[in-house]
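See below for the structure under consideration.
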Amino acid sequence: MSSMISSSRGIHPPARLVSCESPHMRPSGPLDHSEPEFNDSDEAELLSVSWNQDYGCFAAGTSHGFRIYNCDPFKETFRRDLKSGGFGIVEMLFRCNILALVGGGANPQYPPNKVMIWDDHQSRCIGEFSFRSEVRAVRLRRDCIVVVLEHKIYVYSFMDLKLLHQIETLANPRGLCCLSHHSNTSVLACPGLHRGQVRIEHFGLKVTKLINAHDNHIACLTLTMDGLLLATASTKGTLIRIFNTMDGTRLQEVRRGVDKAEIYSIALSPNVQWLAVSSDKGTVHIFSLRVRVVGEDSSNHSITTQGPALVYQNSSTSLDAFICPNTGANPGSSLSFMKVSTGAVLIF
């Protein structure tokens, strides 16, 4: 195995994660009231930008630290400026004090082959993962940590940092990987072992689904919050396709253009009414989808493609036939203090 968990240099051993359940610890920390340590005039190179799981905040990694921003109202809520180094990956866990950090830039704060789990309430790292190759991406859920390398993906338990799954992938330099974020579904999407293939892991069901999404290599992919729908684009960049992750059925296909383009991102609206795609053409395409939520007034949807609407239920009741009783976050998880209903706010 090419990973290692370390508790050296004053980092709490994994078992200390249970301290998060202490009644004296708030599910927030300096993130909710800290002021910038340096002036805005200090130059810092932007290295990465990433959304949190509910898209209400985003984190920016810079050559001298990282910053957290709230979207509505838009404001910088917190920053840590470090003259000693930069961060190439800053992954938030919803709106709590837990962050996953990976060094980056010309002078990285940490080696780019390490993932540091940072608790900003305690102002220290509470876990460290070391690998033999550079970390391409990190994804967080309340119950697991996903580390993406170029040819392999590791899934760890957030409760005790134990390795749960190893997934082999085709060369994945972009670190493509998506997670569902509903507590009653646990779905991961990543490149498969063949060109144009997407691998879907339904962890709660212990089911793996392989979808041959495109003829060319996968360039971008995203899941709905519940993980039941997948949107993909290839390196050709002309078509975006939407699939049912349970059976691999292609539900819809939209065309971005006829010229080859590099797709930067794909975004689905919460009710799956709209799909947005950005590319190196300097444009953002927005599509009206035929996949819609059951019970919504169809008159609210502008259907541009002929044919019947493709029904998509995103309520928890519609998932009962597909979900095992134990697919939610572990009741005994060390991060159980962060289990909140959809839309709840922990900090800020």
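The values are calculated or read from the model by the stated rules, or taken from the named source; none is laboratory data. This structure is a prediction, so every number in the text was calculated from the model and none was measured. In this analysis, Cβ positions are derived from the backbone assuming ideal geometry, glycine residues included, and neighbour counts consider all displayed protein chains. Areas reflect the complete protein model, heavy atoms only, side chains present, ligands, DNA and RNA absent. Shrake-Rupley method; radii C 1.70, N 1.55, O 1.52, S 1.80 Å.
Scanning the range 147-182 for residues being of a type in the set (S, T, N, Q), touching a Lys or Arg at 6+ places or on another chain (Cβ under 7 Å) and not in a strand (DSSP E or B) gives a total of 2. I'm trying to understand the selection: among the residues of the range 70-89, which are closer than 13 Å to residue 52 by Cβ, without any contact (Cβ under 8 Å) to a residue 60 or more places away in the chain and crowded, with 16+ Cβ neighbours inside 10 Å? Residue satisfying the conditions is 78 alone.
Would you mind stating whether residue 182 is surrounded by fewer than 23 Cβ atoms within 10 Å (Cβ to Cβ) and more than 19 Å from residue 262 (Cα to Cα)? Spell out the reasoning first.
Working: surrounded by fewer than 23 Cβ atoms within 10 Å (Cβ to Cβ): yes; more than 19 Å from residue 262 (Cα to Cα): yes.
Here the answer is yes, as residue 182 does meet what is asked.
Here is a yes/no grid of residues against (1) modelled with pLDDT of 95 or more; (2) over 20 Å from the mean Cα position of the chain (by Cα); (3) in a strand (DSSP E or B); (4) surrounded by fewer than 15 Cβ atoms within 10 Å (Cβ to Cβ):
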position: 237; (1), (2), (3), (4): no, yes, no, no
position: 247; (1), (2), (3), (4): no, yes, no, yes
position: 253; (1), (2), (3), (4): no, yes, yes, yes
position: 261; (1), (2), (3), (4): no, yes, no, no
position: 270; (1), (2), (3), (4): no, no, no, yes
position: 275; (1), (2), (3), (4): no, no, yes, no
position: 292; (1), (2), (3), (4): no, yes, yes, no
position: 295; (1), (2), (3), (4): no, yes, no, yes
position: 299; (1), (2), (3), (4): no, yes, no, yes
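Filtering 132, 142, 124, 136 for residues that are open to solvent by 10 Å² or more (accessible area, probe 1.4 Å) and modelled with pLDDT of 95 or more leaves a single hit, 136. Only residues that are under 15 Å from the mean Cα position of the chain (by Cα) and open to solvent by 10 Å² or more (accessible area, probe 1.4 Å): list them for the range 46-55, please. Answer for the range 46-55, where residues must be under 15 Å from the mean Cα position of the chain (by Cα) and open to solvent by 10 Å² or more (accessible area, probe 1.4 Å): 48, 49, 50, 51, 54, 55. For the range 212-237, the set of residues classified as within 19 Å of residue 139 (Cβ to Cβ) and β-branched (Val, Ile, Thr) consists of 218, 222, 224, 232, listed by residue number.
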